[in-house]
Each structure stands twice: as structure tokens, then as C-alpha cells.
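Structure record follows, encoded as C-alpha cells.
No value in this document is a laboratory result; all are computed from the given coordinates. Keep in mind that what you see is a predicted model, and the values were worked out from it rather than measured. Quick reminder, even Gly has a Cβ in these numbers, built from the backbone with ideal geometry, and neighbours come from all protein chains shown.
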Amino acid sequence: MGTILLMLTIAYLLGSIPSGVWIGKYFYQKDIREFGSGNVGTTNTYRVLGPKAGTIVLVMDVSKGIIAASLPYMFGVAATVSPLLIGVGAVAGHTFSIFTKFKGGKAVATGAGILLPYSPLFFAIACTIFISLILLTSMVSVASVLGFIGITITALLFQDWLLATIAGILTIFVIYKHRGNISRIFSGTESMVPFGLGLYLRNKKNR
């Protein structure tokens, strides 16, 4: 039990690292919480600081999940402690960071990262779903919500009940965190990335 608590603590602290806030403050002299959507995650970092900073934050946020979920292997207890359960600690830290007054991101990048140590196959499936949805809709929010729903369904099809349960819970949380985005999607005002079929269709409609 002591080892589990230690791993969860480490995972939480890893997840709590506010990548977007720190990159913005130390390299761009900007607090991204004061610009754009005010979110500390990858999408707002891209929007406020540009693609270079956004990519760095994306890699950092995914890596937080990967490292956290790898802790059972590092501690030699992966046979009895699932990487997913420890990885959830990083997701909690990412969304309720101790460094930013328990506010944080929307759980997407770090949540995806915990899949890699658990199952490279599921990680590859998640990335394929996310990238495909981005190209189709041009909306990160749609890709994020439907991506988690897709992983939950896939886990059910594979009869991986632990992953299905955790992914299902995270799906509900991700939907809640994206409730503002969902409203904008239905009103046709959601922000789009500068590529993809969705942007092409919107531009064509507005001509």
C-alpha cells in the first residue's frame, strides 16, 4: 500500500506540472490563462503562443501521462498494480494542479499518454481516432470528446473492463470540461484549426 501511495503522489505531482503556464511565463513572458480561452492546455497554447510552444506543451503533457503510467514498471510492481490506475493520478494532477490553485487542463493529452505504457495498441488507436477526427472536423474539442468515447467503445469491444471503466469515467469528465465548446459547436462558432475538411466546408459556406 505504501508503494501505491508513493507512486500516486509522484504521478499527481508529475501531472500537476503546468506546462503551458511555465512555457508561457519563462519563454514568452505571457500567462496563457489571461489570453484566448484561458485554458492551460495545448490548444490554448497553440492559439496564444504559436505552434512551436504548442507542440512542446503537447509533448510535455502526453509525457506526464506516459511517465506516470510507467511507474509500476519502474517500481517492479506492474504485475499487481495496473499502470492505468497510477496514470489516473497524473490526469488528476493535470486537471487539478497544485501549482495553479487546483485548476488545470481538460485531461486529454495526459489522459492519452497513460495509454502507451498500458497498451501501445490502444495508444495507437487513440492517436488514429484523434488525428482522423481533427482532419475531418478541424475541431480539437470534437476530436477530444469523440476520441475518448471511441476508446471507451473499443475497450468494451476488446472486453478490457478496466480500461473501459476508466475511459468511461474520463469521457464523462472530458465532456463536462468541454461543455462550453459543445455549446459553440452547436451554434457554429467553435474555433477551428487552420486545416481539415471542417474548415474547408465552413469557408466554402461563408463565401
Projected label distance in nm at Phe27 and Ile185, using a 7 Å step from Cα toward the beta-carbon: 3.0 nm
Mean Cβ neighbour count within 10 Å, used as a protection proxy, ranking 96-107, 25-36 highest first: 96-107, 25-36
Cα radius of gyration and Dmax for region 134-184 (Å): 11.7, 35
Candidate aspartates and glutamates - alpha carbon under 20 Å from Lys106, same-chain residues fewer than 8 apart omitted: Asp31, Glu34, Asp61, Glu190
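If the limit is 20 Å between Cα atoms, which of Lys25/Lys101; Lys177/Lys204; Lys30/Lys64 go over it?
The answer is Lys177/Lys204; Lys30/Lys64.
Just flag the chymotrypsin sites (Phe, Trp or Tyr not before Pro) in region 163-207 sitting in loop per DSSP whose Cβ has no more than 11 other Cβ atoms within 10 Å.
On the way: sites: Phe173, Tyr176, Phe186, Phe195, Tyr200; in loops: Phe195.
For chymotrypsin sites (Phe, Trp or Tyr not before Pro) across region 163-207 that sit outside H, G, I, E and B with at most 11 neighbouring Cβ atoms in 10 Å, the list reads Phe195.
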3J(HN,Hα) from dihedral phi, region 44-52, Karplus parametrisation 6.51/-1.76/1.60, rounded to Hz, x for glycine, proline: 5, 5, 4, 5, 8, 9, x, x, 5
Region 1-101 - convex hull of alpha carbons, volume per residue in Å³: 89 Å³
Helix-derived mean residue ellipticity, 222 nm - over the chain, DSSP H n ≥ 4, -39500 (n - 2.57), to 500: -23000 deg cm²/dmol
Fraction of the pair-distance distribution of region 119-207 above 22 Å, Cα-Cα pairs, percent: 32 percent
